[in-house]
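Inspection log for the structure reproduced underneath, given as C-alpha cells.
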Amino acid sequence: MSGPQRGLLKNVLPPMGPPGLPGSARRGWGSGGLTVGGRRDYTPVSWRKYWDSCRDVTLEGGDVFRVYQRGSVGPLLLLLHGGGYSALTWSLFAENMTEMVECQVLAIDQRGHGDTHTADDGDLSASTLASDVGRVVETVYGAQQPPCVLIGHSMGGAVAVHAAYHQHVAGLAGLIVIDVVEGTAMDALSSMQSFLRGRPNNFNSLQNAVEWSVRSGQTRNVEAARVSMPGQVKNVETGKCGTVDLENMDEAPKEPPTEGRRGSTVRADVIMEEGSEADPSNEASSAPDTKLPVTKYTWRINLGETEKFWAEWFQGLSSKFLSSNPAKMLLLAGIDRLDTDLTVGQMQGKFQMQVLPQCGHAVQEDTPDRVAEVLATFLLRHRLATAKSEFHRSFPAC
C-alpha cells in the first residue's frame, strides 16, 4: 500500500503507525497510563469509573441497545462511535465534558457493536443506523427529551449526518462531525480490506488487546485504551463482548498472586517488543502482573464483512452536512482536503471547522480534554449550555 493511501485510511479507521503518547500533561500518561516505577499499566478498567449508569434499551420489535449515561441536566449530547469501536470510546471525553459545562451525555453501542444485540446485526446500512439513533432517543426520553447535540466520530459522524438530514432526532440543536471528510473517506475505500488484514485476528486476553491498541497506534492514550478496548472485542468461546468478562472479573473474589520467578515465561497477556526476549531485563516494557485469565478474544464486529455499506455511509455526506439546519462543526485530526462543497460552505460560514494537530484518528481518545474544550466552547458560543468551571476556550482555527 502506498504512503498516500495509508494517509487517506486514517479518516476511516485507526492508524497502524508507531504509537507515541500524548504529552505528560494529557490524560493517560501522568494519571492513568503509568504505574509507579515507570511501567505502563494495560489492565482493562470498567465503565463505572466514567459513567453514572449503563442500561440496555429495548426497542419495539425486540432490538436491545446498550447505552451509557452521565449527567442529568442541560442539553443532551448524543455520542456515536466509529466503525469497530463502542460507546466506551467516549468515556474520558464524557468525564471532561460534564465537568466543563452543564450537560447530559448519552453514548450508544451502535448496531453490530459492543453489547448491542438486534435481530439483524449485519444490517449496517446508513438508513438503518440513522433510524436506530432516533428510536433509541425516543425510547429513552420520550416527550421529556432535552435539546440534542449529535456528535459522531468517523462512521459515527456519517451516521450523525444522516440522522440529522433525515430528521430522525427531534429538537436537534447541534451537529458535530469528528475526523471524517467525504472525499478522503471515499478515496480510502479501495484499500480498506488490505488495511483490515494488517490487524491481528485474535488476542490472548483483554490486557493483550489493550496493549496492542496502544503499541499499534490505534489510540495514543493508555487510559482511554483500558476502558475502550473491552467493548471492541468478544470472547471466542462465549461470543460475549469483553465488557461482560471484565464485569465478571471485577465481581469475582481476588486470589493471591502466584509465587514464582518473574520473567521466566512468555506471558500470554503481554505483546513482546520486536526483538525482545522473555527475561527480567524486559520488565520495563511489560505490564504489571495480574490475575486476568488467558482467554482468546477476537473483534466484536468483522468490519471486512460490512464492505457493501461503506460507500453509502460517505457518499453525499458533504451536501447532507451542509443542508442540515442545526449549528454545525467539523473537527479534524489534521488538515485534510475539503471537497468543493465543504470549501464553499466554510467560506460562507455555514459551519465551524477546528483542527487538532498531533493526534491520531481517535481524537476523542487521544486528547479527550482538548476535544472537550473545543466542543464546550462551541456549546457556549451557540448558547446551548452554561459553563460549570473555568477552562481554556478554543475558538475556530485551522
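The values are calculated or read from the model by the stated rules, or taken from the named source; none is laboratory data. Being a predicted model, the structure only gives us computed values, none of them experimental. Counting neighbours? That spans all protein chains shown, and the Cβs are built from the backbone with ideal geometry, glycine included. Quick note on the areas: whole protein, heavy atoms, side chains included, nothing else; ligands and nucleic acids left out. Shrake-Rupley method; radii C 1.70, N 1.55, O 1.52, S 1.80 Å.
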Segment 320-341, subset in a helix (DSSP H, G or I) and closer than 20 Å to LEU80 by Cβ, residue most open to solvent (accessible area, probe 1.4 Å): SER323
Flag if VAL181 is at pLDDT below 95 and crowded, with 20+ Cβ neighbours inside 10 Å: yes
Odd one out for ALA87, checked against (1) among the small types (Gly, Ala, Ser); (2) surrounded by fewer than 22 Cβ atoms within 10 Å (Cβ to Cβ); (3) closer than 25 Å to MET353 by Cα; (4) in contact (Cβ under 8 Å) with a residue 60 or more places away in the chain: (2)
Residue check for ARG220: of a type in the set (Lys, Arg), at pLDDT below 95, under 29 Å from VAL133 (Cβ atoms) and surrounded by fewer than 18 Cβ atoms within 10 Å (Cβ to Cβ): no
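Here is a yes/no grid of residues against (1) under 24 Å from LYS308 (Cα atoms); (2) of a type outside the set (Asp, Glu); (3) assigned to a helix (DSSP H, G or I):
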{"position": "GLN167", "(1), (2), (3)": "no, yes, no"}
{"position": "LEU175", "(1), (2), (3)": "no, yes, no"}
{"position": "SER191", "(1), (2), (3)": "yes, yes, yes"}
{"position": "SER194", "(1), (2), (3)": "yes, yes, yes"}
{"position": "GLN207", "(1), (2), (3)": "no, yes, yes"}
{"position": "SER213", "(1), (2), (3)": "no, yes, yes"}
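Conditions (1) among the aromatic types (Phe, Trp, Tyr); (2) closer than 28 Å to GLN352 by Cα; (3) surrounded by 24 or more Cβ atoms within 10 Å (Cβ to Cβ), marked per residue:
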{"site": "ALA119", "(1), (2), (3)": "no, no, no"}
{"site": "SER127", "(1), (2), (3)": "no, yes, no"}
{"site": "VAL133", "(1), (2), (3)": "no, yes, yes"}
{"site": "GLN145", "(1), (2), (3)": "no, yes, no"}
{"site": "LEU150", "(1), (2), (3)": "no, yes, yes"}
{"site": "VAL161", "(1), (2), (3)": "no, yes, yes"}
{"site": "TYR165", "(1), (2), (3)": "yes, yes, no"}
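Could you identify the single residue in LEU129, LEU78, LEU92, LEU106 that is under 30 Å from ARG393 (Cα atoms), aliphatic (A, V, I, L, M) and assigned to a helix (DSSP H, G or I)?
Values: LEU129 fails: under 30 Å from ARG393 (Cα atoms); LEU78 fails: assigned to a helix (DSSP H, G or I); LEU106 fails: assigned to a helix (DSSP H, G or I).
Selected residue: LEU92, the only one of LEU129, LEU78, LEU92, LEU106 that is under 30 Å from ARG393 (Cα atoms), aliphatic (A, V, I, L, M) and assigned to a helix (DSSP H, G or I).
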